[in-house]
Structure formats: structure tokens, C-alpha cells
1. Once you charge only the Cβ atoms, +1 for Lys and Arg and -1 for Asp and Glu, what is the size of the charge dipole of segment 25-90 about its Cα centre, to the nearest 20 debye?
2. Length gain on complete extension for the stretch Tyr223 to Lys76, per 0.36 nm per residue less the alpha carbon to alpha carbon distance?
3. Just the number, please: Stokes-Einstein D of segment 146-229 in µm²/s, Kirkwood Rh from C-alpha pairs, 25 °C, 0.890 mPa s.
4. Using only C-alpha atoms and all pairs of different ones, pull out the Kirkwood radius for segment 137-185 in Å with one decimal.
5. Where does the charge balance sit around Leu142 when Lys and Arg score +1, Asp and Glu -1, over other residues with C-beta under 9 Å from its C-beta?
6. Taking the chain as a Gaussian network, Cα atoms linked when under 10 Å apart, which of Thr81, Thr90, Thr121 shows the biggest mean-square fluctuation?
7. Of all alpha-carbon pairs in segment 74-188, indicate the percentage at a distance above 21 angstrom.
8. Express the C-alpha Rg of segment 25-90 as a ratio against the empirical globular expectation 2.2 N^0.38 Å, rounded to two decimals.
Amino acid sequence: MRNSSICRLFLLLALAATFVACSRDPNVRKQKYFESGQRYFDKGKYREASIQFGNAVQVDPRFAQGHYRLAQSFLKLQQWTRAYQELSRTVELEPENYQARIDLANLLIAGHDIKQAQEHTDFLLSKQPNDPQVHEAIANLLSARQDFPDAIKEIQKSISLGPDRWEAYLNLALLQMRTNQMDAAESNLKKSVQLNPQAMNAQLALGGYYQARNRLPEAEQQYRHAITV
């Protein structure tokens, strides 16, 4: 009986020691923070997600995926400077992280840093010539330079490579509106909404199109629908 009690005691001590060792293991702590951040992110709780992803990269400053997910959280929170810092760190640690480069290029374009953005789009085109998001980023770059005809060609290339991406149809429609191709723009706005009825940006853009065309009843109906998305 006594021997049995002693065995149970040693077993409990061994389990406790294992638990303490795991809690002190940096890789275990990093992964727990990361998984917690991902759960928050999936629920749309981006501030909480940023805290947990931040904890993960504090444990391991070279954790590229942690920096990338932290950047994604900052993008959702519209904290552009911090998103830029984390995307830059991601690319520094993981140069072949093409999605991070695409996000970084688009962020630089939005910030009118065209020269640095092109460095990333040139790199991406050389490495991922068949990625539709690469051509969409190039289209954004050309649009920022007011080169709308070539921007339209690039976004059409993006659509040919990824015909199910609602974002590309929305961007094409916006470019067509800027070049007064209104009928084509309407068709692509509707296609964007059809592909993703939950896309608020596409719903609002279609409403804005109707309003610009003075089709006010349709605009009102579209805006009402967008509110329910």
C-alpha cells in the first residue's frame, strides 16, 4: 500500500515537472500565443489578436509567421505604420513569403511610395508570374501612375489567372469607371457581388455606381441591401 502511494507521488511529481518544463519552453509558449491570436482573428477581434501575436514575436523575434499575422491584425485595425513595420520584418525574415510581399506592395502603393512598391512587384513578377494577386498589385501600381489602360490589362490578366476572385472584378470595374466604360463597369460590379454577396465594398461600390448614374431607386435598394450584409 505504501509502495503504491509512493509510486503515485512520483508520478504526480513527474507530471508536474513536465508541465513546468512545457510552460517554460519558448516554442510551446510561442505557439500558444499564436494559436490564441488566430482564434481572436477568426472571430474578428483584431485588437486582441494583435496582442497575442505580439506576445508570440516577443518570445521569438524571428518568428516570421507571427510577424505576418501581427501585420494582418494591424491592417484590419488600419494601423498602417505598424502594419508596414511588421510586413517589412516578415519579408526580411522570410524573403520568399510572397503573400507578405503582395500586401507590402499594396500598402506602399496606398502610401504613394511607388518606387519601393515597384521593387516588390518586380520581384514578385519574376518569382510568381502566374499569381493573380501579383498582377492585381501591378495594376494598382499602374493605376497610381495614372496609366489606366495598362492597369486594366493587368487586372484582366489577373482575372484570367483567377476567375473566381471577386476583388479583381471590383478593381476592374473601378478602373473602367475612371475611363468612362460605364456599361462594362456595371457588369463587373455585379459579377463581384455575385461571387461574394457578403463583400461590403462591392455592395457599396454598386450602390455608388447607381447613384452616379442617377438611378436613385436602384441605388437606395442597393444601399439597403448592403446594410444587411
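1. Working: 12 positive and 6 negative charges, 23 e Å.
About 120 debye.
2. On the way: separation 147, 0.36 × 147 = 52.92 nm, distance 2.29 nm.
Length difference between fully extended and current span is 50.6 nm.
3. Details: Rh = 12.8 Å.
In µm²/s, the coefficient is 192.
4. Details: mean 1/r = 0.0956 Å⁻¹.
It is 10.5 Å.
5. Numbers: positive: Arg145, Lys153; negative: Asp147, Asp150, Glu154.
That sum, taken over residues with Cβ under 9 Å, equals -1.
6. In this elastic network of the chain, the residue with the biggest mean-square fluctuation among Thr81, Thr90, Thr121 is Thr81.
7. On the way: 2412 of 6555 pairs.
Result for the distance tail: 37 percent.
8. Working: Rg = 10.6 Å, N = 66, 2.2 N^0.38 = 10.8 Å.
Segment 25-90 yields a ratio of 0.98.
Computed from the coordinates by the stated procedures, all read-outs in this text should not be read as laboratory data. Small disclaimer: the values here were computed from a predicted structure and weren't measured. Using ideal geometry, Cβ is built from the backbone for each residue, glycine included, and neighbour counts are taken over all protein chains shown.
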